[in-house]
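S.K.: Attaching a single structure in structure tokens format; questions to follow.
The values are calculated or read from the model by the stated rules, or taken from the named source; none is laboratory data. Here the structure is a predicted model, which means the values were calculated and not measured. Here the Cβ positions follow ideal geometry from the backbone for every residue, glycine too, while neighbour counts run over all protein chains shown. Accessible surface areas use protein heavy atoms only, side chains included; no ligands, DNA or RNA. Shrake-Rupley method; radii C 1.70, N 1.55, O 1.52, S 1.80 Å.
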Amino acid sequence: MNRYSWIVFDADGTLFDYERAELGALARTFRQHGLPFDSEVQRLFGEINRPLWVEFEQGRVSTERLRIQRFEELAEALGVDLSASVVSDDYLLNLGAECALLPGAQEVVEDLSSDHDLALATNGISAVQRSRFSASSIKAYFKALVISDEIGFAKPDPEFFRELFSRMGIPDLSDVLMVGDSLSSDIAGGAGIGIDTCWFNPSGQPHDSLVKPTYVINNLAEIFEIARGA
């Protein structure tokens, strides 16, 4: 018998190649606005964007403010004149067109869906995430999808997971495994409601958090043994 009946996956950084998506969307957006783009621009954007998403997880900034503020700060750091709202809108359109998966994600999802129910749980902007998910090759394998922007709560908030469980048909806690690359949202959120968690850590980051995942994997294929109890 399988150890779990439901596997809940985070999206970006777990199944979807967010770094590739971000690079492609930024480069295209900057070209559209006649602005120079290089690795330094991408680095600066990442340094600005990541802390804002942490603030979003903590309920300290809205997605509406986040999407504008990151380009305001980027323009200031680069010393360029741009309309943050216009650039943000174009960036989100471009990002929504990026649906590349991480290596092995397609095979893992397809295989697990043969004997598990799958759900996708993501902190993100609705229009972007729905566009990417709809265009992806894995859409058909998922029975539930929750996007923070649509429900007003973000991982690790327990309300996010209550909505997720509602859409999954209220399974037993012991039947659900949360898989994600973020200790602060995926793993903390899953642990907070009492489900087992699996931290996807492909780069071998040190575990310097008080949050303790049930499992740690460095390769997505390692999830098979965990999910099936082999």
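S.K.: Give the stretch 217-230 a look and list any residue that's without any contact (Cβ under 8 Å) to a residue 24 or more places away in the chain and part of a loop (DSSP other than H, G, I, E, B), or say none.
M.R.: 218, 230
S.K.: If you take the residues in the stretch 160-169 that are in a helix (DSSP H, G or I) and open to solvent by 50 Å² or more (accessible area, probe 1.4 Å), which one is nearest to residue 133 (Cα to Cα)? Explain how you work it out, then say what you get.
M.R.: First, pick out the residues of the stretch 160-169 that are in a helix (DSSP H, G or I): 160-167.
If we keep only those that are open to solvent by 50 Å² or more (accessible area, probe 1.4 Å) too, we end up with 162-163, 166-167.
Numbers: 162: 22, 163: 19, 166: 21, 167: 17 Å.
Per the stated criteria, the residue is 167.
S.K.: Further question: Assess whether residue 11 counts as being within 30 Å of residue 118 (Cβ to Cβ), in contact with a Ser or Thr (Cβ under 9 Å, 6 or more places away or on another chain) and of a type outside the set (Ser, Thr, Tyr). It would help to see each step written out before you state the result.
M.R.: Numbers: within 30 Å of residue 118 (Cβ to Cβ): yes; in contact with a Ser or Thr (Cβ under 9 Å, 6 or more places away or on another chain): yes; of a type outside the set (Ser, Thr, Tyr): yes.
So residue 11 fits the description; yes.
S.K.: On to the next question. For the stretch 140-159, name all the residues that are assigned to a helix (DSSP H, G or I) and in contact with a strand residue (DSSP E or B) (Cβ under 6 Å, 6 or more places away or on another chain). Break it down into steps so the answer makes sense when it comes.
M.R.: Of all residues in the stretch 140-159, those assigned to a helix (DSSP H, G or I) come to 140-141, 148-151, 158-159.
The answer is 141, and nothing else.
S.K.: Now for a different question. When you look at residue 193, is it more than 26 Å from residue 209 (Cα to Cα) and more than 15 Å from the chain's Cα centre (by Cα), yes or no?
M.R.: On the way: more than 26 Å from residue 209 (Cα to Cα): no; more than 15 Å from the chain's Cα centre (by Cα): yes.
Answer is no for this residue.
S.K.: Within the stretch 194-216, can one find any residue that is in a helix (DSSP H, G or I), without any contact (Cβ under 8 Å) to a residue 40 or more places away in the chain, open to solvent by less than 50 Å² (accessible area, probe 1.4 Å) and closer than 16 Å to residue 119 by Cβ? Full working, then the answer.
M.R.: First pass over the stretch 194-216, keeping only residues in a helix (DSSP H, G or I): none.
For the stretch 194-216, residues in a helix (DSSP H, G or I), without any contact (Cβ under 8 Å) to a residue 40 or more places away in the chain, open to solvent by less than 50 Å² (accessible area, probe 1.4 Å) and closer than 16 Å to residue 119 by Cβ: absent.
S.K.: Next question, about the same structure. Counting only residues that are of a type in the set (A, V, I, L, M) and in a helix (DSSP H, G or I), how many does the stretch 118-139 have? Don't jump to the end; show me each part of the working.
M.R.: To start, the set of residues in the stretch 118-139 that are of a type in the set (A, V, I, L, M) comprises 118-121, 125, 127-128, 135, 138.
Retained after the next criterion (residues that are in a helix (DSSP H, G or I)): 127-128, 135.
Selection size over the stretch 118-139: 3.
S.K.: So is residue 185 open to solvent by less than 20 Å² (accessible area, probe 1.4 Å), small (Gly, Ala, Ser) and part of a helix (DSSP H, G or I) or not? It would help to see each step written out before you state the result.
M.R.: Numbers: open to solvent by less than 20 Å² (accessible area, probe 1.4 Å): yes; small (Gly, Ala, Ser): yes; part of a helix (DSSP H, G or I): yes.
Spelling it out, residue 185 is indeed open to solvent by less than 20 Å² (accessible area, probe 1.4 Å), small (Gly, Ala, Ser) and part of a helix (DSSP H, G or I).
S.K.: Identify all residues within the stretch 43-94 that are assigned to a loop (DSSP other than H, G, I, E, B) and of a type in the set (D, E, K, R); write none if there are none.
M.R.: Quick first cut of the stretch 43-94, residues assigned to a loop (DSSP other than H, G, I, E, B) only: 58-62, 79-83.
The answer is 60, 81.
S.K.: Could I ask something else about it? Of everything in the stretch 13-48, what is free of Cβ contacts under 8 Å to residues at least 40 places away in the same chain and either in contact with a Phe, Trp or Tyr (Cβ under 6 Å, 6 or more places away or on another chain) or among the hydroxyl-bearing types (Ser, Thr, Tyr) (or both)? Give them in sequence order. Quick ask: steps written out before the conclusion?
M.R.: Of all residues in the stretch 13-48, those free of Cβ contacts under 8 Å to residues at least 40 places away in the same chain come to 18-19, 23, 27, 30-31, 34, 36-48.
If the condition is that a residue be free of Cβ contacts under 8 Å to residues at least 40 places away in the same chain and either in contact with a Phe, Trp or Tyr (Cβ under 6 Å, 6 or more places away or on another chain) or among the hydroxyl-bearing types (Ser, Thr, Tyr) (or both), then 18, 27, 30, 37, 39 are the ones that fit.
S.K.: Identify, from the list 203, 137, 209, the residue that is modelled with pLDDT under 95 and either closer than 22 Å to residue 107 by Cβ or touching a strand residue (DSSP E or B) at 6+ places or on another chain (Cβ under 8 Å) (or both). Spell out how you get there, then give the answer.
M.R.: Values: 137 fails: modelled with pLDDT under 95; 209 fails: either closer than 22 Å to residue 107 by Cβ or touching a strand residue (DSSP E or B) at 6+ places or on another chain (Cβ under 8 Å) (or both).
Exactly one of 203, 137, 209 is modelled with pLDDT under 95 and either closer than 22 Å to residue 107 by Cβ or touching a strand residue (DSSP E or B) at 6+ places or on another chain (Cβ under 8 Å) (or both), namely 203.
S.K.: Please go through the stretch 7-32 and pick out each residue that is open to solvent by 10 Å² or more (accessible area, probe 1.4 Å) and among the small types (Gly, Ala, Ser).
M.R.: 13, 24, 27
S.K.: Now for a separate question. Here are some residues: 115, 111. Which one is closer than 25 Å to residue 218 by Cβ, assigned to a loop (DSSP other than H, G, I, E, B), of a type in the set (D, E, K, R) and open to solvent by 10 Å² or more (accessible area, probe 1.4 Å)? Give the steps one after another, and end with the answer.
M.R.: Working: 111 fails: assigned to a loop (DSSP other than H, G, I, E, B).
Going through 115, 111 in turn, the sole match is 115.
S.K.: Follow-up. Would you point out which residue out of 172, 157 is at pLDDT 95 or above, more than 15 Å from residue 9 (Cβ to Cβ) and open to solvent by 60 Å² or more (accessible area, probe 1.4 Å)?
M.R.: Details: 157 fails: open to solvent by 60 Å² or more (accessible area, probe 1.4 Å).
Only one candidate passes the filter, namely 172.
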